Amino acid sequence: MFLKINNATKSFDNEFEVFSDLDLTIEENQFVSLLGPSGCGKSTLLSMVAGLESVTEGSIELDRQKITKAGPDRGMVFQQPSLFPWLNVKENVMFPIKKQKDAEERAEKFLKMVHLSRFQNNYTHELSGGMQQRVAIARALAMDPKVLLMDEPFGALDEQTRHILHEELMKIWQETQKTILFVTHSIQEAIKLSDRVVVMGTRPGRIIADFHIDIPRPRKRDDEEVIKLERKVMDLLEGEINKVLKEELSHEGIY
Amino acid sequence: MKVFIKRLLFLLAIMGIWQIVYYSNVFPDIAFPSLIQVFGSLINGFSDGDLIKALVASFKHLIIGLSLALVIGTVIGVILGKSTQADETAGMYLIALQSIPSIVWVPLSILIFGFTEFAVVFVVALGGTFVMALNVRSAIHNVPPQLVRAARTMGTSGFSLFYRVEVPSSVPYFITGIRLAWAFSWRALMAGEFLSNGPGLGYSLRFAQDYARMDQVIGIIMIIGVIGAVVDQLVFSKLEKNVMKRWGLLKS
């Protein structure tokens, strides 16, 4: 297996446990979504794979190597584009590969892939939110990472832009054959894009379902199979969300 | 252009009122010179070289003092910004020191360094150091954590993270720091020179006071005001605006 999460536990200050004994294996070239309500630890898990958060217990391995810190073999795209405002678009994409000889050509290649060649000399604040996020994707791809980690990358965008970027991401994925681990709270988004949807529950955070989706792409929203699957996931998550609500309300009752 | 005309008309009106007051003889000549006397003393001062010498000396004090302030302030600011330990220990005192008016340092400086030019430079340096340090400190505290996280996922860490992300991200605050340090140093310079044994613009001002030359006093005040405004508007405001725009902090 390519990316292996073994009995991973994450707790903060050894008190609050986000999740414990979590196991997950991901094959190469797959598009896998982590789906769940807020608080289930899906973003934390992604940060752990990125090496930004430590693993309290257990281990995470990528290509048989244990992950201990952040590194360029894992590209990450955040909800916020997180581009450097003092650099122009092309310099941003070149940031992680600056020391390589072909940095400029690589940057140009990936900017072309996200259709932003025309804006390579612009500053990032001159670009729209969707364009900035495309630059962030190009920047992550330019390092040629083994896996692309995406943390609700389209969460802050408007509906139309999100749909356009879904299509672009699908094309990029088919072109580059990257393994993608994609965190989202949108059931539709997860089902539309992924080979596999891992559904996480909360309190404690854990994996409650694992769907392999082989509906042919491009997937339409009104496709019968898509709707069926959506309903199934929705029912699963509804129970989780009710659990959170109940717990919050009972806390409220104490005061 | 319209703004320029408005400003010019306003200035002419002030000058007109000035001359009316002068001719009304409400104040004695010695306390209220005419504009012609003021400009006359300025022309005299420049043509016999006294004012030029004073200006050169003042700028020398300012450049040395401000440079010291910027270097020392940046070092202190980086230390306090990077180390929580240092910040918790000394950060509060920095704010206290910043609130001390620079003229307060003059007696201390004269007692340590005597009536030397370095005593003035010392006051100028103190005037700018603390404000610079405070700005550099907030610059580092305000580096967006999101950018640091992003850089780390690209394999950047340690010193490389500092100079490729934290330093450029700090530039707008840094420029504001320089601008404020200049403004504080300029005020400190006048205070220091005023109580010094010269040379310098502040010293010339006191010299004029000692000889009851109100025309010179007003002339020198004008020079101080014009230099302050010109440097701030033409150099620092423009620089700051350009940097803010470039860093995307200003909607153009």
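Values quoted throughout were computed directly from the atomic coordinates according to the rules given, and no laboratory measurement underlies them. These figures come from a predicted structure and were not determined experimentally. Virtual Cβ from ideal backbone geometry, glycine too; neighbours counted across all protein chains shown.
A simple charge model with +1 on the Cβ of Lys and Arg, -1 on the Cβ of Asp and Glu and nothing else charged puts the dipole of the stretch B:122-252 at about 700 debye relative to its Cα centre.
Projecting the Cα positions of B:PHE115, B:ALA86, B:SER67 onto the charge dipole of chain B (unit charges on Cβ atoms of Lys, Arg, Asp and Glu, taken about the Cα centre) puts B:ALA86 furthest along the positive direction. Note on A:ASP223/A:ASP73: beta-carbon distance plugged into 1/(1 + (r/R0)^6) with R0 of 41 Å gives a FRET efficiency of 0.70. By other beta-carbon atoms within 10 Å, ranking B:PHE184, A:PHE119 with the fewest at the front produces A:PHE119, B:PHE184. For A:LYS220, list the aspartates and glutamates whose Cα falls under 13 Å from its own Cα; do not include residues on the same chain fewer than 8 positions away. Cross-link targets: A:GLU167, A:GLU189, A:GLU230. If you wrap the tightest convex hull around every Cα atom of the stretch B:35-246 and split its volume per residue, you get 130 Å³. Extending 7 Å from Cα along the Cβ direction at A:SER59 and again at B:LYS241 yields two label points whose distance is 6.0 nm. Were the residues from B:LEU97 through B:PHE113 laid out at 0.36 nm apart, the gain over their Cα-Cα distance would be 3.7 nm. Take every pair of alpha-carbon atoms less than 8 Å apart whose residues are at least six positions apart; their mean separation over the length of the stretch A:83-144 yields a relative contact order of 49 percent. At what distance in angstrom do the alpha carbon centres of the stretch B:149-186 and the stretch A:167-182 lie from each other? Comparing the Cα centres of the stretch B:149-186 and the stretch A:167-182, I get a distance of 35 Å. In chain B, Cα pairs under 8 Å separated by at least six residues give a relative contact order of 24 percent.
Amide H to amide H, with H built 1.01 Å from N, A:GLN30 comes under 5 Å of A:ILE180, counting only residues 5 or more places away or on other chains. The mean sequence separation of alpha-carbon pairs under 8 Å and at least six residues apart, normalised by the residue count of chain A, gives a relative contact order of 24 percent. Shielding of peptide A:79-92 by partners, expressed as the average count of other chain Cβ atoms within 10 Å per residue Cβ, is 4. Would you please state which residues of the stretch B:110-137 a label at B:ALA86 would reach in this model, taking the label point 7 Å out along Cα→Cβ and a backbone N cut-off of under 11 Å? B:137, by backbone N distance to the label point. Using Cβ point charges alone (K and R +1, D and E -1), the dipole size of the stretch A:83-144 about the Cα centre works out to roughly 80 debye. In order along the stretch A:188-204, the phi-based Karplus estimate (6.51 cos²θ - 1.76 cosθ + 1.60, θ = phi - 60°) of 3J(HN,Hα) comes to 4, 4, 4, 6, 5, 9, 8, 7, 8, 10, 9, 9, 10, x, 10, 6, x Hz; Gly and Pro are listed as x. About its Cα centre, the dipole of the protein assembly as shown is roughly 1360 debye, where the only charges are +1 on Lys and Arg Cβ and -1 on Asp and Glu Cβ. Measuring nothing but alpha carbons in the protein assembly as shown and taking Rh as the Kirkwood radius, the Rg to Rh ratio lands at 1.16.
Find, among the trypsin sites (Lys or Arg not before Pro) in the stretch A:177-255, those assigned to loop by DSSP (not H, G, I, E, B) with at most 12 other beta-carbon atoms within 10 angstrom. Show your work: numbers first, answer last.
Values: sites: A:LYS178, A:LYS192, A:ARG196, A:ARG206, A:ARG219, A:LYS220, A:ARG221, A:LYS228, A:ARG231, A:LYS232, A:LYS243, A:LYS246; in loops: A:LYS178, A:ARG219, A:LYS220, A:ARG221.
Sites meeting the loop and neighbour criteria: A:LYS220, A:ARG221.
Amide H contacts under 5 Å for A:GLY36: A:THR184, A:MET200, restricted to partners 5 or more places along the chain or on a different chain, H placed in the peptide plane at 1.01 Å from N.
Among the trypsin sites (Lys or Arg not before Pro) within the stretch B:182-252, those in coil by DSSP and having at most 15 neighbouring Cβ atoms inside 10 Å are B:LYS251. Kindly provide the chymotrypsin sites (Phe, Trp or Tyr not before Pro) of the stretch B:75-174 that DSSP labels as loop, not H, G, I, E or B, and whose Cβ sees at most 14 other Cβ atoms within 10 Å. Those that pass, being in a loop and sparsely packed, are B:PHE115.
For A:LYS232 and A:GLU126, what is the calculated FRET efficiency with R₀ set at 41 Å and r taken between the beta-carbons, to the nearest 0.05? Efficiency at R0 = 41 Å is approximately 0.40. Principal axis extents of the C-alpha atoms in chain A (largest first, rounded to whole Å): 58, 43, 41.
Long hydrophobic helices in chain B: the complete DSSP H runs spanning 15 Å or more by Cα along their own axis with mean Kyte-Doolittle hydropathy of at least 0.5 are B:2-24, B:35-47, B:50-82, B:117-141, B:167-194, B:214-230.
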